[in-house]
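A quick write-up on the structure given underneath.
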Amino acid sequence: MDTDTDSGTTVDVLVVGAGPTGLALGIDLARRGVDALIVERADGLFPGSRGKGIQPRTMEVFDDLGVLDAIRAAGGDYPVGMIWQDGRRVGEHVMFDPAGATEDSPYSAPWMVPQWRTQEILFARLEEAGGRVAFGREVVGVAQDEAGVTVEFASGAPVRARYAVAADGGRSAVRRALGIPMTGETVDPSPMLVADVRITGLDRDNWHVFPPREDTGGFLAICPLAGTEDFQLTAQFPEGTTVDLSPDGVRRTVAERSHLPAEAVTEVRWASDFRPRTALADRFRAGRVFLAGDAAHVHSPAGGQGLNTSVQDAYNLGWKLGAVLGGDAPESLLDTYEEERLPVAADMLGLSTRVHRGEVRRGEATRQLGLGYRGSSLAVETRADLPEKALRAGDRAPDGTVAGVRLFDLFRGAHWTLLAVGTADGPPSLPGVRTARIAPYDRYGSGLFLVRPDGYVGWAGTGARDLSRYTDRVGLTAGRER
């Protein structure tokens, strides 16, 4: 439990930022019994729809974190795009390459949930798990030593933590305090307006797209936000334009670029502007402080990769912090966070940029199901002469139902899982590990598969002879099943 002293609060982990990244990390830490506090500069949760697309891999993460049912109830499928010209519908535009659900990948397409609603769901789950958020806490200083991190705020007492995580966005105060630079580029110099509006005169069955005209200098798109009465409006402006974020400015944009009158916009609920850019922090760790989410990587919104990559940062870091803080794993395990996540973030930044520029479509890559950690030091493959498409250490562990047993049901929770697939002997018993023996399954082949708490195969082999060296490294020798 945290302690309060004259000099402030002491916790195991301080998470700065109550966006999707910080909230997801808070949930994962809370279910592991880690004493964590989330602090947020604002007085409440983010109010806008900004990151509205939940990719299939993130749906799997949300399944494990216990929020999938609420996410599904709150959202819906993406609508088909409808192109307008001179007040007439002139054709449909399919935004995503089609993909059907399969036994090993039960979630096949992006699911639309406004970011404000996703955060409400995560916040409710965090509180249910015993986690907490302190709002109105603006970071003004960060200092660390060999034993921990001290964070100072504009008001209120400082917080002392064994580790801290910067999840405070692209303008991260923590990253700046640490002096970690970001390397990036402007993806598109044209400023963008994004707003949540109530509007009349458009159906909710289509994503309405109004291509640019010579007199407007940019497109207008109006997308119904699933599970709400709102629409998300996005508009592009010529380079150098100062975007008018006022309700009248938003209404004027709609009237100038569509067949709708200004008064069709009955309410502007939130509005913001941005310049599409990409940026990657040079490091994801400085001593006892970790960068996650937009504090570590800033994406163009095209392709819906930013929020999803950020949630998966949290999912990668949570179990590692839990293992080290619990005394089960050596501190060196935390080095693998940057090792694994920085290359993934770099790849996703490149993908977002290519989607923005129209070089690739939203499809298999943007669903993030193929991401993995084969090159990681935590991916240990002991089998030889594997077929080209064989499941290997470092790959995402697929779902499937074998003899009535669903694999995602086995994996769900804060534990590791050891699968014996098509072997004569059952899996060896390991502390902190859920074990199961299943019949041959073509997505796994045969052998022993040690699945990490974040759903990736950590170790694979034909027998348990070389397994102990791996389990010592990741903290399973002294662990316990949760």
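The values are calculated or read from the model by the stated rules, or taken from the named source; none is laboratory data. As the structure is a computational prediction, the values presented were derived from the model and not from experiment. Backbone-built Cβ (ideal geometry, glycine too); neighbour counts: all protein chains shown. Side chains included, ligands, DNA and RNA excluded: accessible areas come from the protein's heavy atoms. Shrake-Rupley method; radii C 1.70, N 1.55, O 1.52, S 1.80 Å.
Residues in segment 105-136 that are in contact with a Gly (Cβ under 8 Å, 6 or more places away or on another chain) and of a type in the set (Val, Ile, Thr): Val113, Thr118, Val133.
Can you name the residue in segment 217-249 that is among the hydroxyl-bearing types (Ser, Thr, Tyr), open to solvent by less than 60 Å² (accessible area, probe 1.4 Å) and outside any strand (DSSP E or B) and is also modelled with the lowest pLDDT among such residues? That would be Thr241.
Do you know which residues across segment 449-466 are within 22 Å of Gly413 (Cα to Cα) and in contact with a strand residue (DSSP E or B) (Cβ under 9 Å, 6 or more places away or on another chain)? Spell out the reasoning first.
Here is the first cut: in segment 449-466, the ones within 22 Å of Gly413 (Cα to Cα) are 449-460.
Within segment 449-466, Phe449, Leu450, Val451, Arg452, Pro453, Gly455, Tyr456, Val457, Gly458, Trp459, Ala460 qualify.
Just to be sure before I move on: is Arg374 charged (D, E, K, R), over 16 Å from Trp319 (Cα atoms), assigned to a loop (DSSP other than H, G, I, E, B) and at pLDDT 90 or above in the structure I sent? In short, yes. Taking each residue of segment 233-245 that is aromatic (Phe, Trp, Tyr) and looking for partners that are in a strand (DSSP E or B) with beta-carbon atoms closer than 8 Å, six or more apart or interchain, yields Phe237/Met192; Phe237/Leu193.
Can you name the residue in segment 1-35 that is open to solvent by 10 Å² or more (accessible area, probe 1.4 Å) and among the small types (Gly, Ala, Ser) and is also modelled with the lowest pLDDT among such residues? Ranking the candidates gives Ser7 first. If you go through segment 117-137 and keep only what is within 30 Å of Val197 (Cβ to Cβ), open to solvent by 60 Å² or more (accessible area, probe 1.4 Å) and in contact with a strand residue (DSSP E or B) (Cβ under 9 Å, 6 or more places away or on another chain), you end up with just Phe135. Among residues of segment 391-406 being more than 26 Å from the chain's Cα centre (by Cα) and part of a strand (DSSP E or B), the one that is nearest to Pro343 (Cα to Cα) is Thr401. Scanning segment 250-293 for residues that are in contact with a Gly (Cβ under 6 Å, 6 or more places away or on another chain) and modelled with pLDDT of 95 or more turns up His259, Leu260, Ala264, Trp270.
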